[in-house]
Each structure stands twice: as C-alpha cells, then as structure tokens.
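Visitor: First, the structure itself, so that you have it in front of you.
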Amino acid sequence: MSDRLILKLGGSVITDKSADCAINRDQLVSIARAIARARTDGIVIIHGAGSCGHPEAKRYHLDVGVVTGQNEGIYVTHRAVSRLNEEVVATLRGQGVAAIGVHPLHTAIADNGRLVNFECRHLETMLDLGMVPVIHGDVVMDLSKGACIVSGDQLVRYLAVGLGIRRVGLATDVPGVLDEGGVVSEITRDTIPTLRIGNSMHTDVTGGMRGKINELLELADAGIGSDIFHVSRVADFLAGAAHGGTTVRGNTA
Ligand code: IP8
C-alpha cells in the first residue's frame, strides 16, 4: 500500500546516551502524541538502542561476533533493547496507537553483519490488521560470526524494500545532516564526497551518522528516498510538510 511509511526514532532521541539505559519518557510521549494525531495505522516504527543496548554490545564485543560458550552478551544486549522497546510500545498504546513490539532476534538472520533474511509476511499482516509494528536495532544470529548487531538504520533499508514502502523518515537529535555547522538539504552518492560530516560522540557500535547515510544511500540506490530531520519535526514529516532537514536521494542521471 503506497500510503504506508516507516518512521525511525534514533536511539539518541529516545534515550540519554550519556547515562546507562536512561529512557527519555517525555520525548517518547510527545512523539507518540504527534503520531496519534497524524495517523494510527499504515506506520512501521523502527527505533535505535541508544544507551539501552550500545554499552552492552560494546562491553561484550558483539561487533566482532560471538564464539561458542561466550554468549552472555547476546542475552544481556537483547534484554536491554527489549526493555526500551517495551516502553516505546506502551507509550504509543497509551496514546491510542495499536503498537506491537517485534524483535529482530526472533525473525531475522544475518551474514557477516548484514541482514540476509527478515520475515516480512507477518509485518504485512499486522499492517493489514491496522497494527503498528515497533521494531528495534537488535542482536541477531549471524551465519559467519555467530551473532552481530543489526542497527535500526540497516532495518530501515531492508524493510523499506521488503515491504515496498516509499516514504521513510528518520527523527534524530540534530536538525539533519550537518556539514560544518549547516544542514545539508540533499545528499546523493555524487555529493557525498564533498561533505565533511561529523559523527556521534557517544558509544555507538553501528556507525553513527556515517553508518546511517551509508544505509540510506543503499536505499536510494533501490529507488527509495528518505528524510532525516529533528525529532521536533515528526508531525511535519507525517503531514508531508517541509521539515527543515536532509533528503537522501538517488543520483539524478
Ligand atoms: O541504535 C543498535 O541499533 P542502533 C542495536 O540503531 C543494539 O544502532 C542492540 C546495540
């Protein structure tokens, strides 16, 4: 259904990245209100882990994989980000959105850090039933490395293609992609070498803003553009209005 969209909530907007699993509940409530006012179906929400998952993934070196007998980090990291997911779902439900948590650990498989399968049929059915799947960056089983971390941004790329969704928005704690202080209004593969893009200062095993842009350029290669904007502009994005942020597009031939 062409009207469907993905809204990605960055880990840094829903948690305080400088503290240990500190969930930003006020922020979650305002996002949930904006969503509830705009629409209550046809949305897939994907969120990052922020301080509920990244410190654990780093502590257990999940970025390099997992070997037999040293699997505690899988449980600890999944538990941290699942706790955050539960709060996101509860907050949305509190505002009348029919949210339901979906955990990539249960539904996805990766190879060498990249998703190779994610069952989309149950997501399709949930959307048909008027539900709002809430999916999160997670630890998933990996055919080469035992386990790996799959970021919310990688999920955005995979699921937008898998679900045939053409409107993709990413709410962040900055107004868009910043190049030496200013917001870059449009990014393509052609313009990216000319930009000087900063990165997240906090613990982030999945690549911060650079990792995000790489995933979105892959999405653009598949013909799907995306928008990065400040979290305060979620309502504008949902309404299809200007959001003051960055649009990532495919090259214009
Ligand atoms: O915050 C990372 O997802 P991200 C997921 O979207 C974990 O990079 C568990 C660290």
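The values are calculated or read from the model by the stated rules, or taken from the named source; none is laboratory data. Predicted, not measured: the structure shown is a model, and the values here were computed from it. Neighbour counts are summed over all protein chains in view; Cβ atoms, including those assigned to glycine, are modelled from backbone coordinates with ideal geometry. Protein only, heavy atoms only, side chains kept; ligands, DNA and RNA dropped before computing areas. Shrake-Rupley method; radii C 1.70, N 1.55, O 1.52, S 1.80 Å.
Visitor: Which residues, counting only those in segment 120-145, are under 17 Å from the mean Cα position of the chain (by Cα) and not small (Gly, Ala, Ser)? Please lay out each step first, then the result.
Guide: Our first condition is that a residue be under 17 Å from the mean Cα position of the chain (by Cα); within segment 120-145, this holds for 120, 123, 132-140.
Within segment 120-145, Cys120, Leu123, Val132, Pro133, Val134, Ile135, His136, Asp138, Val139, Val140 qualify.
Visitor: Just name the residue that is surrounded by the most Cβ atoms within 10 Å (Cβ to Cβ) out of those in segment 1-40 that are closer than 16 Å to Gly240 by Cα and charged (D, E, K, R).
Guide: Applying the filter and picking the extreme gives Lys8.
Visitor: Name, by its number, the condition in (1) closer than 15 Å to Leu7 by Cβ; (2) away from the ligand (no atom under 16 Å from the Cβ); (3) touching an Asp or Glu at 6+ places or on another chain (Cβ under 9 Å) that does not hold for Gly169.
Guide: All conditions are met except number (2).
Visitor: If you go through segment 148-158 one residue at a time, how many are open to solvent by 20 Å² or more (accessible area, probe 1.4 Å), assigned to a helix (DSSP H, G or I) and near the ligand (Cβ under 8 Å from one of its atoms)?
Guide: Residues meeting the conditions: 0.
Visitor: Would you mind finding the one in Val183, Val116, Val140, Val205 that is β-branched (Val, Ile, Thr), within 11 Å of the ligand (Cβ to nearest atom) and either at pLDDT below 95 or open to solvent by 60 Å² or more (accessible area, probe 1.4 Å) (or both)? Steps first, answer last, please.
Guide: Numbers: Val183 fails: within 11 Å of the ligand (Cβ to nearest atom); Val116 fails: within 11 Å of the ligand (Cβ to nearest atom); Val140 fails: either at pLDDT below 95 or open to solvent by 60 Å² or more (accessible area, probe 1.4 Å) (or both).
Only one candidate passes the filter, namely Val205.
Visitor: Hey, could you check segment 65-101 for residues that are away from the ligand (no atom under 14 Å from the Cβ) and of a type in the set (A, V, I, L, M, F, W, C) and say which is farthest from the chain's Cα centre (by Cα)?
Guide: The qualifying residue farthest from the chain's Cα centre (by Cα) is Val67.
Visitor: Starting from segment 191-217, keep only residues that are small (Gly, Ala, Ser), then list their pairs with residues that are more than 13 Å from the ligand (Cβ to nearest atom) and at pLDDT 80 or above whose Cβ atoms are within a distance under 7 Å, requiring at least 6 positions of separation or different chains.
Guide: Filtered contacts from segment 191-217: Gly198/Leu178.
For (1) touching a helix residue (DSSP H, G or I) at 6+ places or on another chain (Cβ under 7 Å); (2) closer than 26 Å to Asp128 by Cα; (3) in contact (Cβ under 8 Å) with a residue 12 or more places away in the chain, each residue gets a yes or a no:
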residue: Leu9; (1), (2), (3): yes, yes, yes
residue: Ser18; (1), (2), (3): no, no, yes
residue: Ile23; (1), (2), (3): yes, no, yes
residue: Gln27; (1), (2), (3): yes, no, yes
residue: Ile31; (1), (2), (3): yes, yes, yes
residue: Gly48; (1), (2), (3): yes, yes, yes
residue: Ser51; (1), (2), (3): no, no, yes
residue: Pro55; (1), (2), (3): no, no, yes
residue: Lys58; (1), (2), (3): no, no, yes
